[in-house]
1. On a full-extension model of 0.36 nm per residue, what is the gain between A:Gln119 and A:Gln93, subtracting their alpha-carbon distance, rounded to one decimal in nm?
2. Using the scaling law 2.2 N^0.38 Å as the reference, what is the normalised Cα Rg of the range B:2-265?
3. For peptide B:165-174, what's the mean number of Cβ atoms from other chains within 10 Å of each residue's Cβ?
4. Given chain A, report the % of alpha carbon pairs whose separation exceeds 30 Å.
5. What distance in nm separates the two pseudo spin-label positions at B:Tyr60 and B:Arg35, each 7 Å out from Cα along the beta-carbon direction?
6. Tell me whether the range B:73-142 comes out rounded, prolate or oblate; compute the Cα gyration tensor, take square roots of the eigenvalues as a ≥ b ≥ c, and use a/c under 1.5 as the rounded threshold.
7. Can you put A:Ser208, B:Ser212 in order of Cβ neighbours within 10 angstrom, beginning with the fewest?
8. Among bridges DSSP assigns within the protein assembly as shown, what percent are antiparallel (round to 5)?
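Computed from the coordinates by the stated procedures, all read-outs in this text should not be read as laboratory data. Please read all numbers here as calculations on a predicted model, not as lab measurements. All Cβ positions, even for glycine, are placed from backbone atoms using ideal geometry, and neighbour counts span all protein chains on display.
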Amino acid sequence: MHTLGERIVDFKNVNFSFGSGLAVENVSFSISKGEFVGMIGPNGSGKSTIVKLMLHLLNPDSGKIMLFGTDIQQFADWKKIGYVPQKATFFDQNFPATVFEVVSMGRFANAGLGKPLSQNDKEHVIDALRQVGMLEYAKRRIGDLSGGQQQRVFIARALATKPELLILDEPTVGVDSRIQHSFYQLLKKLNKAGITLILVSHDVGVVSRNVSKLLCVNRKVNVHDISNGISKADLTCAYYPEFEMVPHHH
Amino acid sequence: MIDILEYGFMQRALIAGMMIAVICSTIGLFLVLRRMSMLGDGLAHISFGGIAAGMFFGFYPVLSALIFSVLSALGIQKLRSMKVYGDAAIAIFFSFGLALGVVLVSMSNGFNSDLFSYLFGSILAVGVTDLIIIAGLGIGTMLILAIFYKELFFIAFDEECAKASGINVENINSVLVVLAAVAVVLSMKVVGILLVSSFMVIPASTALLLRSGFRNSIFLSIGIAVFSVIAGLTLSFYADIAAGGAVVTVLVSIFAMVLLYKKLGSK
C-alpha cells in the first residue's frame with residue numbers, strides 16, 4: 001500500500017444544480033496523495049459534473065472544494081493537475097495538429113505567456129510520448145491515428161505537465177478492448193511512480209480490479225475502501241436497484 | 001514584373017497587400033478552426049456603419065470604423081458568453097452596422113463616391129499615410145498574436161482543457177476578436193468591405209485542405225495569401241482589371257485547384 005500523505009482533493013458538502021435539477025447533492029469526500037481512486041456510477045449520475053467542479057470549470061452552488069490544501073477559488077497551480085477529458089476521442093478529426101504539437105500543450109502553462117517551449121519543455125514532451133509508447137508517431141497528424149492511439153496521446157499531454165494528480169474521465173470509451181489492458185498497466189505504473197489518479201468510468205469491472213478506493217456516484221457519493229477486495233454492497237450504492245455483480249476471472 | 005515595380009503606387013499596393021495578407025491569413029486560421037469564419041465578414045459590414053458615421057460627422061473614417069469594429073467585436077464576444085449562438089451574435093451586429101450605414105448614407109448626399117471606394121477597395125490608391133497605419137497596426141497585431149500563440153492554439157483545439165489548464169479563455173477570446181476587428185479595418189482599403197473576409201477564410205481553408213500540422217498550416221496560409229496578392233496585382237496591372245477582385249479570384253482559384261488535386265489524389 002501507498003503511504004498516504006497530504007490531502008489532494010477535498011469536497012465538503014458540495015451541491016450543484018443545472019437549472020432546476022440537482023446534479024450533485026451534499027457530496028463530501030477526500031483523496032490523499034498516492035491514491036488510485038475509481039469513480040463509478042450510471043450515465044447521468046453526476047460523475048463528469050464532479051470532475052468539472054474539481055477542475056473549476058463549474059462553480060458549486062454551496063459547499064467547499066479544496067485542492068492541495070488551497071480553496072479552489074484561490075487555487076492557481078493548475079500545472080499540478082493533468083486532465084484527460086471524456087470527449088478526447090471526439091475532437092475535430094480534421095484539426096491541423098501533429099501529435100507532438102498536441103502533447104506540447106501540456107507544457108504551455110510551464111513555458112509562460114509569449115515564450116516558446118524551452119529545450120527542457122520539449123524533453124518533457126518527448127518523455128511523455130515515450131511513456132505511452134507513441135514517440136514514433138510524433139510527426140503524424142492527430143486525426144490520422146486510431147481512437148486508442150489518440151487516447152494515449154491525450155494521456156501523454158496530461159503527463160507532460162508532470163502532474164501530481166491525473167484525472168481521467170471515461171478514458172477507454174471507444175478504445176479497442178485489447179489496448180485497454182496495456183492502458184490500465186500504464187496507469188498502475190504511473191500510480192506506483194507517485195501520481196495520484198482519479199479514474200472515472202461506468203465500467204465497474206475494470207475499475208474495481210485496478211483501484212484502491214471507490215467513489216460510487218449517483219447524485220450523492222459513497223466512499224468505499226476496496227484495497228482488500230470489493231463487495232456487492234460496495235457497488236449497489238451506485239447502481240441500486242438493478243445492479244448485479246458479475247465476477248471477473250483473469 | 002520589373003515594370004510593375006517602377007511605379008510607386010504599385011510598390012505601395014504590393015507592400016500593403018502583402019502585410020494584410022500575412023495578418024489576415026494568420027488570424028483567419030484561428031477563426032476558421034473556431035467556426036467563426038463569418039466574423040470577418042460581419043465586422044467588415046459593421047465597419048461600413050463606422051465609415052459612414054465618420055464621413056457623416058466629419059471624423060477620419062478609418063478611425064471611426066476601427067472604433068465601431070473593435071467595440072462590436074467585444075459585443076459579439078459578450079453575446080456569445082451570454083449563450084447567444086456565435087453566428088446569430090455576428091448577424092445581429094452585422095445587421096446593425098449595415099442599417100446604420102444605410103441610414104446615414106440616405107441622410108446625406110455628398111459622400112457616396114468615397115463610400116464606394118471602401119466598399120470595393122482601392123489598393124492602387126494606397127498612400128504613404130495608409131502604409132504607415134497598416135504597418136504600425138499590422139506589426140502590433142502580429143506581435144500580440146505571437147505573444148498569445150500558444151494559448152490561441154490550445155483554445156482552438158480544446159477550449160475546455162485549455163480552461164482546465166489555467167488559461168483565461170474569455171480574455172484570450174476577446175484578444176482574438178479585437179485583433180480580427182483591427183485586421184478587418186486595415187484590409188478595407190485594400191480589398192474593400194465586401195471582400196475582406198476572403199483574406200481571412202480562403203487561405204486558411206486552403207491550408208487546412210493540405211492536412212499539415214498547426215505551425216505549418218499557418219505558414220501555408222500566409223504563403224497562399226501573399227502569393228495571391230502578388231499574382232492578383234500583377235494580373236490586374238497587365239489585364240487592367242480591378243485589383244481587389246483579381247486578388248480574391250486568385251485566392252479562390254488556388255483553393256479550387258488544391259481541392260481538385262486532393263479529390264483526384266484520394267481516388
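1. Values: separation 26, 0.36 × 26 = 9.36 nm, distance 2.87 nm.
Going from the current span to full extension adds 6.5 nm.
2. Values: Rg = 18.2 Å, N = 264, 2.2 N^0.38 = 18.3 Å.
Compared with the compact-globule rule of thumb, the range B:2-265 sits at 0.99.
3. 3
4. Values: 8309 of 31125 pairs.
I get 27 percent for the Cα pairs in chain A exceeding 30 Å.
5. So the two model labels end up 4.0 nm from each other.
6. Details: a/c = 3.26, a/b = 1.26, b/c = 2.59.
Because a/c hits 1.5 or more and a/b fails to exceed b/c, the range B:73-142 counts as oblate.
7. On the way: A:Ser208 20, B:Ser212 17.
So the ranking, lowest neighbour count to highest, is B:Ser212, A:Ser208.
8. Values: 22 of 40 bridges.
Around 55 percent of the beta bridges assigned by DSSP in the protein assembly as shown are antiparallel ones.
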